[in-house]
Amino acid sequence: MLLLLLASGLVSAQIPQTDTTQISPPKNLQQEHFYDSLENRANRRRFTGWLYDAIISPPRPYVDKKALALDYFKEYEGKVIAKITINALDVFGPTCTDTTREAKHWAERAANKIHTKSNLKTIRKLLLFKSGEVLNPELMYENERIIRNLPYIKDVRIYVEQDPTYIGFVNVTVLTKDRFSFGVSGGVNGTNSGDVEIYNRNIFGVGHEVSVKFVGHVEKEPYLGVETFYNIKNIAGRFLDVRLGYLNTYRREGFVTEFNKPFITQNVKWGYGGFAARMFRSDRITDNDPVKVEEPIDLSVNYLWGGRSFNISPHHENITELVVSTGINNWNYFKDPMVAPENSHFFSNHTLYMMGLTISQRRYIQDQLIYSYGITEDIPEGFKNELIYGYDANEFGDRHYLHFYSSNGNLLLSQRGYLFTSAGASGYLNKGRFEEGIIHADVNFISKLVTAGRKRVRTFAELNYTLGIRRFEIEHLTLGERDHIRGFDSDIAVGKQRLNLKLEHVVFLPTQFYKFNIAFFGFADVGVIGSNRELIFKQDYYSGLGLGIRLHNENLVFETFRLRLAFYPFHPDDAGFLGFSLDEQSKQQFISFEPTGPEPVRFE
């Protein structure tokens, strides 16, 4: 029916005019009349009206929010900052654009009283500018992005006003709006195990994080265990973060220490970081490692890196960075794991010494309704090319490590969406033989935000290919890890080569459910997986089709609640045709072009 309506509109548009001197209306006005006419026709029936809202999307003008922000700051460029005022707003009620709004519901007012606002000294330490310095528009824009990226901050705005006394001075006001920092999450794994986590992302308002997770199992000891972490953010205003953790559950027991000072802006000259884990008992080498063992591992993992950044385009508007970095990665097993002899080399004691060379360029634009729900999101553009050489001092024989990675992300022409691409290859050279190799490539497309009635719609597409070369028998690619096929779980559908395509159509609704934003989504995933000895198209095919709903409140630090129903037409014997899940989904992250320390690529 909708196709007939479209055809009818097109035919009527082709009727010639009798007055040849009549001036045709502008093209954008013609489009507006066409969509108005089509919408009126579609709304004559309930079904076609619904179908119009779901799939027909009139053009939405593109607004360059970065240009608007920079134009605002450039009005005061070169003037001296006389005074800086910081104001932390309540979680519920006021916004950075309307500070007079008040919380109306009793629960919101109670939450505002319970919540501890971000300490003003904590916010001041995050500022890249000080009183007495000359105002730099790019620095102001970048500072908003850095503060907005914090997990306990919902929004931030930097306002500039002309000083009433001296024309060469300006006064700066920084408005921040917190998220409610307390959160609870959890889940059940079958009928044998489950966990509950309680956390605070902004304890005492100083930006520190604390979490306690209780993990239980009805058959494995300890029957009730605990994982607790404490994160210290931005030590001494140097953007140095430290994370400390203790774990004692049926999965693992040990201590974790981590620190990181990233190249958070392109003006940062030195970056460094490290990680140390002492596991007395663990079912994996590192957290979320795809390789799992039956007998617990007793091991330590240590990593240390440092790097220096150089600006190699001083006269160009977009800074190009050259980063030279070094790193050391050490694995030490205090007891040999109980594995098959052909996999013993996988658990070798070894130290990998690495040197990295990275060339990158990055900038950010602003948009909404991509991975969040109505708040400002900073989308990276740029590229990163990374070359790493390593020397592996291994108990089974020394060898060399090589790694190349390239990624690119830019706005498409005519602002039709976002396109991110990446590709890389890595592996070891052992006496002239290439082993433990990986070749991988990714393409990610995000359509522009379009209007469908009062709704907003985006389409996401992701294509991924991974090939393992001379990998250990214990290592496998799957389609369930990282949701290559969403909700898919199988021990049969594994291999050393994988190709998958993920498509998702998301409809952001204008209405809310008890202050929670709502998004409906439908998806179609296809995966091909199998041996690395034949072409990927000759391997086993699997697929998943489904729909679901996501609920999220941007005023809270809670994860996104997700309800999903999926069908798997070509499922293996150990998986069902129908899948249903009610769980939490962490916020997805954009591909970053920020230089990092040299690390070997994981096969996953």
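A simple spin-label model places pseudo-atoms 7 Å from Cα toward Cβ; at TYR353 and LYS292 they are separated by 3.8 nm. Taken as Cα centroids, the stretch 77-100 and the stretch 360-417 sit 33 Å apart, rounded to the nearest whole angstrom. Taking other Cβ atoms within 10 Å as a rough exposure proxy, HIS350, HIS345 sort from fewest to most as HIS345, HIS350. Near PHE73, once Lys and Arg are set to +1 and Asp and Glu to -1 for all other residues with Cβ below 14 Å from its Cβ, the sum equals -2. Given a Förster distance of 22 Å, report the FRET efficiency between ARG433 and SER344 from their Cβ-Cβ distance, rounded to the nearest 0.05. With R0 = 22 Å, the Cβ-Cβ based efficiency is 0.75.
3J(HN,Hα) along the stretch 274-283: x, 8, 9, 9, 10, 10, 7, 7, 7, 8 Hz, from the Karplus curve 6.51 cos²θ - 1.76 cosθ + 1.60 with θ = phi - 60°, whole Hz, x for Gly and Pro. Contact order for the chain, expressed relative to its length and based on alpha carbon pairs under 8 Å spaced 6+ residues apart, stands at 9 percent.
Taking every DSSP beta bridge that has both residues in the chain, what percent is antiparallel when rounded to the nearest 5?
Details: 220 of 230 bridges.
Once the DSSP bridges in the chain are tallied, antiparallel ones form about 95 percent.
With the charge dipole of the chain set up from +1 on Lys and Arg Cβ and -1 on Asp and Glu Cβ about the Cα centre, the Cα lying farthest toward the positive end among the listed residues ILE375, HIS400, VAL526 is that of ILE375. Taking other residues whose beta carbon is less than 15 angstrom from the beta carbon of THR351, and scoring Lys, Arg as +1 and Asp, Glu as -1, yields -3. Consider a paramagnetic label point 7 Å from the Cα of LEU224 along Cα→Cβ; state which residues of the stretch 178-194 have an amide N under 18 Å from it. Label zone hits: 185-189, 192-194.
In order along the stretch 261-267, phi translates into HN-Hα couplings of 10, x, 7, 5, 10, 6, 8 Hz, rounded to whole numbers, per the Karplus curve 6.51 cos²θ - 1.76 cosθ + 1.60 with θ = phi - 60° and x for Gly and Pro. Each peptide in 180-189, 582-591 gets a packing score, the mean of other Cβ atoms within 10 Å over its residues, and the list from highest to lowest is 180-189, 582-591.
For the chain, the residue among ILE264, GLY495, TYR333 whose Cα projects farthest onto the positive side of the dipole built from Cβ charges is ILE264. Evaluating 6.51 cos²θ - 1.76 cosθ + 1.60 at θ = phi - 60° for every residue in the stretch 209-226, the Karplus couplings come out as 10, 9, 9, 9, 10, 9, 10, x, 8, 7, 10, 9, 8, x, 4, 10, x, 9 Hz, glycine and proline recorded as x. Using C-alpha pairs below 8 Å separated by at least 6 residues, the relative contact order for the stretch 333-454 is 18 percent. Any chance you could check the Cα centroid distance between the stretch 187-210 and the stretch 292-316 for me, in angstrom? Cα centroid to Cα centroid, the span is 26 Å. The Cβ shell under 10 Å around LEU240 holds other residues with a net charge of +2, Lys and Arg each +1, Asp and Glu each -1. The dipole here belongs to the stretch 65-178: it is taken about the Cα centre, uses +1 on the Cβ of Lys and Arg and -1 on the Cβ of Asp and Glu, and is about 440 debye. Here the gap between ASP573 and TYR246, fully extended at 0.36 nm per residue and compared with their Cα-Cα distance, gives a gain of 113.8 nm. Under a 5 Å amide H cut-off, with hydrogens placed 1.01 Å from N, THR95 pairs with THR100, ARG101 among residues at least 5 apart or on other chains.
Here the simple spin-label model places points 7 Å from the Cα toward Cβ, and for ASP491 and LEU503 these points are separated by 3.4 nm.
I'd like the FRET efficiency for TYR391 and PHE255, computed as 1/(1 + (r/R0)^6) with the beta carbon distance as r and R0 of 25 Å, rounded to 0.05. E(calc), rounded to 0.05, equals 0.30. Cross-link reach is defined here as a Cα-Cα straight distance under 19 Å, omitting same-chain residues fewer than 8 places apart; for LYS502 the lysines meeting it are LYS448, LYS587. Entry note, the stretch 251-585: relative contact order of 8 percent, from Cα contacts under 8 Å with a spacing of 6+ residues.
As a calculated quantity, the FRET efficiency between SER581 and TYR72 at R0 = 35 Å, using C-beta atoms, amounts to about 0.20.
Net length available on complete extension from LEU419 to GLU481 is 20.0 nm, with 0.36 nm assigned per residue and the Cα-Cα distance removed. Can you tell me what share of the DSSP beta bridges in the stretch 65-178 is antiparallel? A percent to the nearest 5 is fine. The antiparallel fraction comes to roughly 55 percent.
Readers should treat all values here as calculations from the given coordinates under stated rules, not as data from a laboratory. Here the structure is a predicted model, which is why all the values come from computation and not from measurement. When we count neighbours, we look across all protein chains shown, and the Cβ atoms used for this are built from the backbone with ideal geometry, even at glycine.
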